[in-house]
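Heads up: the structure comes next, in structure tokens.
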Amino acid sequence: MDKKRIWEGLRPYVLIAPAMAGIMLFVMYPVGYLIYLSLFKYNLMNKDKSKFVGWDNFTQILGRGDFYRALWNTTIYTAGVVVLTMLLSLLIAVWLNKKSRFNSVVQAGIFTPHVVSIVSISLVWLWLMEPNQGLLNYVFKLVGLPSSAWLQSSKTALISIIIVSVWQAIGYYTLIIVAALQSISPSIYEAAALDNASKFKVFYKITLPMISPQLFFILIIMTIGSFKVFDTVQVMTGGGPNNATTTLVYYIYGFRTTNIGYSAATGVVLMAIIGLLTFIYFRLLSKKVHYQ
Amino acid sequence: MKSKWYSLLSVILLFSLLAACSGGGSGETGEAPGGGGTEAPSGDKGKTTVQFWHSLGGKNGEYMDALIQRFNASHEDIEVVGTFQGSYDETVTKLQQAIASGTGPDVSMLERAYVQMFADSEVLEDLTPYLEGSGISVDDFTPGLMGHSTFNDQLVSLPLNRSTPILHVNKTLLDELGLQIPTTWEEMKEVANALVVKEGSEYKRYGVTMPYDTWYPIAMISQAGGTFFNDDHSSIGFGDNGAGTKMFAYLKDLQSTGALYYPPAQDSGNIVNSMFVEGKVGMMYQSTGSIGGLSSTVDFDYVTAFLPKDEVYANPTGGANVTMLSSSKNKEAAWEFIRWMEMEEEGGLEFILQSGYLPFTKKMVESEKMQALWAKEPNRKVAYDQLEFAVDTNKDVAWPEIMHEFFSAIEAIMYDSKDIPATLDTFKKETERILAQ
């Protein structure tokens, strides 16, 4: 009997053990190793040549202008992408909310960019944004607008990348919001109609609170995703011109051959920043989210 | 009873997971798969496999594959397996990871500027004894190309696909305007400005261009009498003597009148090449590696010339060397491959003739085939002749890391017109910090 009781107590742990082993190996261990690496001037090829430097990598990060530049770029990028994508997908979703054949065609069209690989998208936009032969400047000239240097000027490069990311992301988030909108019970709207509520008030007092869990989810997912942006930068600008589009992950990537310890330390800092952001979101915003 | 089965199942799952994860760690370079004959357990009959990583794609990759095939056909007991690993930088990244996990190749191509970094980590084999054993002397090689081959008195690499920057000229365009090929910075300024065609606010034709790279500024620093690092490698050698400021001020001056087109960083090599082919720019600083491609596509009189001099003629070298990794288990076979590739006529010479890289041994230069090719295509000879002025002053273990910073300085000045002395001062401080580590 005693044996059985011990087993009863152990069983849940044994059952989650395989999954935990996976998490340990593929999540915990790499994170631990990252932190370990961040304390070294690490020589990947010859461990004996590695030097323990303690917090040196971190003091160096915090004392370097280009790190703050990358952090600033990432913040602007994230803010731009999150705000623009949320607003636009919300607008489009509200517009597409009525079930009609035309709407489903539009929805499929908007969703298409999400299916295409981001690398292909970046390459296509790279051509569109070419200052001399690109389509965008050609159209601008036809309409009589001044042409832009797009990716080739440090003033416009970051906003150009934001445009591409927003264009790619809108469809997916529109889909999520449309699904959320359609799950709202019509009886609530009927009640509001009886009370003669204005359209704006209905949207503000009913629609938004009802879809707030989905919006909150999008906000967190997108903030984390945008903070880790890499592909578009790698393909379209390589972090340039003059570091105008160097984001944190690209900054980490830049040191991959020469200083893996410094890269690792920056990775730890990035992890801390994203952790902090997520924590703040949960503390501040989760109270405003309305779960049914 | 049932619970027992559960526990057994979990334990099995757990162990299989652990086993799956630890399995990949120990790869033996020696017993590479493939090669047909290796399955036979008898040691005397099996072929030795030599893994060779390189960075040559496209046409040059085909020439390299042909070289490997020629080697395998002439060697019964050795099989070389060549693997294209992407660009020079990608190859370096992959090599670092492979060496860290003990799965590196036996022989690898290595971009010359990374040789010092690898040698410092003690992962490259000293080739001196092998060279002696085969009766080869260091003097057999083209001196201008040996700059990156030695490290702390060890010979850690030999030249393979080497190139150097050179001036490519649209002679037809220059002749139309009655201009001579420039040989000095002053002449370059005049000729480049004379080539400019401006309509409204748009430049229809530029004078000269160059890819986005550290190579060309470094060439110009040496031409202006500076060196990249100072003598004791504690700082830069073009700050206080003004060479850096002079070089960048010169480039900015050209850029301001359209005499210089400085391309965007991404894909800059292809951009400048196509501009040159289309006649949108009259002259171009570019690698000797593009001579072959350009001469087959241009429809004008195309010639090459020395890079214009300021105080002196000077040019860095580029391209990649071949190295043997210390972790190799088949060093004898690996050396035979390197020796054959470097010294035999049907090895390296054939490859050099096809690809247009620089001949790297004196024997190659003197060979009939080389001389015949030069007589037919003098453009290629110019590149070799320019090696007389080859000087590599950016040789240091920390160069790859400093290169990163130098690119930032180039971008700040060339794209954002930041103040030159201030930018160079920041760069100098960063360099000193890195060198002090």
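If you scan region A:250-261, which residues turn out to be more than 9 Å from chain B (Cβ to nearest Cβ) and either in contact with a helix residue (DSSP H, G or I) (Cβ under 7 Å, 6 or more places away or on another chain) or on the phi > 0 side of the Ramachandran plot (or both)?
Result: A:Tyr250, A:Tyr251, A:Ile252, A:Gly261.
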Of (1) touching a residue at least 40 places away in the same chain (Cβ under 8 Å); (2) open to solvent by 60 Å² or more (accessible area, probe 1.4 Å), A:Trp72 fails just (1)
Check region A:234-249 and report whether any residue there is open to solvent by 40 Å² or more (accessible area, probe 1.4 Å), within 14 Å of another protein chain (Cβ to nearest Cβ) and either in contact with a helix residue (DSSP H, G or I) (Cβ under 8 Å, 6 or more places away or on another chain) or not in a helix (DSSP H, G or I) (or both).
yes
Have a look at B:Ile236, B:Ile291 and point out the one that is touching a strand residue (DSSP E or B) at 6+ places or on another chain (Cβ under 7 Å) and farther than 30 Å from B:Pro378 by Cα.
B:Ile236
Which ones in region A:53-69 are within 12 Å of chain B (Cβ to nearest Cβ), touching a residue at least 40 places away in the same chain (Cβ under 8 Å) and not in a loop (DSSP other than H, G, I, E, B)?
A:Asn57, A:Gln60, A:Asp66, A:Arg69
Which one is farthest from the other protein chains (Cβ to nearest Cβ), of the residues in region B:388-404 that are open to solvent by 20 Å² or more (accessible area, probe 1.4 Å) and assigned to a helix (DSSP H, G or I)?
B:Glu388
Selection count, region B:334-354, where residues are open to solvent by 10 Å² or more (accessible area, probe 1.4 Å) and either within 15 Å of B:Ile68 (Cβ to Cβ) or at pLDDT 90 or above (or both)
8
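Yes/no matrix, rows are residues, columns are (1) on the phi > 0 side of the Ramachandran plot; (2) of a type in the set (Ser, Thr, Tyr):
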{"position": "B:Gln96", "(1), (2)": "no, no"}
{"position": "B:Glu122", "(1), (2)": "yes, no"}
{"position": "B:Thr128", "(1), (2)": "no, yes"}
{"position": "B:Ile136", "(1), (2)": "no, no"}
{"position": "B:Gly144", "(1), (2)": "no, no"}
Kindly establish whether B:Glu350 is farther than 22 Å from B:Tyr130 by Cβ, over 16 Å from the mean Cα position of the chain (by Cα) and free of Cβ contacts under 8 Å to residues at least 60 places away in the same chain.
no
Hey, which of the strands (runs of 3 or more DSSP E) in region B:48-154, taking only ones fully inside, have at least 1 residues that are in contact (Cβ under 8 Å) with a residue 24 or more places away in the chain, within 13 Å of another protein chain (Cβ to nearest Cβ) and buried (at least 19 other Cβ atoms within 10 Å of the Cβ)?
B:107-111
Would you confirm whether any residue within region A:273-280 is open to solvent by 10 Å² or more (accessible area, probe 1.4 Å), under 30 Å from B:Ala409 (Cα atoms) and either in contact (Cβ under 8 Å) with a residue 40 or more places away in the chain or out of contact with any Lys or Arg (no Cβ under 8 Å at 6 or more places or on another chain) (or both)?
yes
How about region B:155-212: which of its residues are in contact with a helix residue (DSSP H, G or I) (Cβ under 7 Å, 6 or more places away or on another chain), in contact (Cβ under 8 Å) with a residue 40 or more places away in the chain and open to solvent by 60 Å² or more (accessible area, probe 1.4 Å)?
B:Lys189
If you go through region B:173-210 one residue at a time, how many are touching a Phe, Trp or Tyr at 6+ places or on another chain (Cβ under 8 Å) and over 19 Å from B:Val303 (Cβ atoms)?
5
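I'm checking my understanding of the structure. Among residues of region B:299-323 that are in a loop (DSSP other than H, G, I, E, B) and open to solvent by less than 10 Å² (accessible area, probe 1.4 Å), which one is nearest to B:Glu111 (Cα to Cα)?
Ranking the qualifying residues of region B:299-323, first place goes to B:Thr317.
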Taking A:Val202 as meeting all but one of (1) in contact with a Phe, Trp or Tyr (Cβ under 8 Å, 6 or more places away or on another chain); (2) of a type in the set (A, V, I, L, M); (3) closer than 30 Å to B:Phe407 by Cβ; (4) not in a loop (DSSP other than H, G, I, E, B), write down the number of the exception.
(3)
So, in region B:405-426, of the ones that are outside any helix (DSSP H, G or I) and facing chain A (nearest Cβ under 9 Å), which residue ends up surrounded by the most Cβ atoms within 10 Å (Cβ to Cβ)?
B:Tyr415
Yes or no: A:Leu194 within 14 Å of chain B (Cβ to nearest Cβ) and not hydroxyl-bearing (Ser, Thr, Tyr)?
no
Are any of the residues in region A:242-255 over 22 Å from A:Phe58 (Cα atoms) and over 17 Å from the mean Cα position of the chain (by Cα)?
yes
Being within 12 Å of chain B (Cβ to nearest Cβ) and of a type in the set (S, T, N, Q) narrows it down to one residue among A:Ser38, A:Ser50; which is it?
A:Ser50
Considering only region A:4-35, state which residues are over 30 Å from the mean Cα position of the chain (by Cα), open to solvent by less than 80 Å² (accessible area, probe 1.4 Å) and more than 10 Å from chain B (Cβ to nearest Cβ).
A:Gly9, A:Pro12
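The values are calculated or read from the model by the stated rules, or taken from the named source; none is laboratory data. Values in this document were obtained by computation on a predicted structure and should not be read as measured data. Cβ atoms come from the backbone with ideal geometry, glycine included; neighbour counts cover every protein chain shown. Accessible surface is based on the protein model in full, side chains and every heavy atom, while ligands, DNA and RNA are left aside. Shrake-Rupley method; radii C 1.70, N 1.55, O 1.52, S 1.80 Å.
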